[in-house]
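Every number in this text was worked out from the coordinates using simple rules, so none of it is lab data. Predicted model, so just to flag it, every value in this text is computed and none were measured.
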């Protein structure tokens, strides 16, 4: 049987990129960590990583083990949480997380639609960044994660709940603020604020692809103020931002939201852990999916 603690150490080594940094993070001596990693390689029977200079490079076997280790740790943590919730009769409370790309209003609209099918649904909602959301789903802290473009990793399943119309937000002082609508191709000369780094954010990459399909590659800038509602990203700037808020005045009059023509829609995904059983989660996802079909979302 693999030692879960050694697997945790391997994950830290991979994330930190060096034994020294990983040892500091784990509050171990470098000698103790090196010994644990050698013992793990003996248990597995193959080399897991190579040492290059002062750094570490994961070999294919090590990377594969890390992917499975994340699921194993998630399952172990989920088992503890499930037992504790069962002791306090808290199993029925659905833990919902959402990325900043999903507005609180959209989350509440989804929950209210589902409550028409499940009137006694109890929920707890909080915002998480994509990496935190995925980790929370894997370890059982979050039953359902709502996102726009996260690609499911090993142990995570993704389903489409609905879609929302994409719009454009500009500062009330922007030269486009007097408009009610705009065509996507008209944004070719604009700087567009996004929330994730291109190549590292599925939703950012999706938005860039939408622009490319309109005939241009956008100039993008990552929002320096993370965690705030998407519609506020353009305040005090000359940038534009893609949002899903209703058209018209927003953010206390500091922002104007314009319609995109022709309409463009972006998906609302739900991610959940394949290895964790939850009747409440499954009922929620089933009700949300049926409601989306009923209303053509």
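Helix-derived [θ] at 222 nm for the chain: sum -39500 (n - 2.57) over DSSP H runs of at least 4, divide by residue count, nearest 500? Let's see the in-between values first.
Details: 8 runs with 113 residues, N = 297.
That calculation yields -12500 deg cm²/dmol at 222 nm.
Enter the per residue convex hull volume of the range 167-263, computed from alpha-carbon coordinates, in Å³ rounded to the nearest integer.
Enclosed volume per residue, from the Cα hull, is 90 Å³.
Distance from the Cα centre of the range 55-99 to that of the range 25-50, in angstrom?
Spelled out, the Cα-based centre of one part sits 22 Å from the other.
Taking one equal scatterer on every alpha-carbon of the range 4-75, how large is log10 of I(q)/I(0) by Debye at q = 0.21, 0.27 1/Å?
After summing over all Cα pairs, the log10 values are -0.86, -1.42.
Could you grab the relative contact order for the chain? Cα pairs under 8 Å, six or more apart, rounded to a whole percent. List each step's numbers first, then the result.
On the way: 484 pairs, mean separation 62.2, N = 297.
Computed over the chain, the figure is 21 percent.
For the range 248-293, what number results from the quotient of the Cα radius of gyration and 2.2 N^0.38 Å?
Working: Rg = 17.4 Å, N = 46, 2.2 N^0.38 = 9.4 Å.
The range 248-293 yields a ratio of 1.85.
Quote the convex hull volume per residue of the range 10-145, based on C-alpha atoms, as a whole number of Å³. Before the final figure, lay out the partial values.
On the way: hull volume 19.9 nm³, N = 136.
So the per-residue Cα hull volume is 146 Å³.
Write down the Kirkwood hydrodynamic radius of the chain, to one decimal in angstroms, obtained as one divided by the mean of 1/r over all alpha carbon pairs.
Hydrodynamic radius (Kirkwood, Cα only) of the chain equals 21.5 Å.
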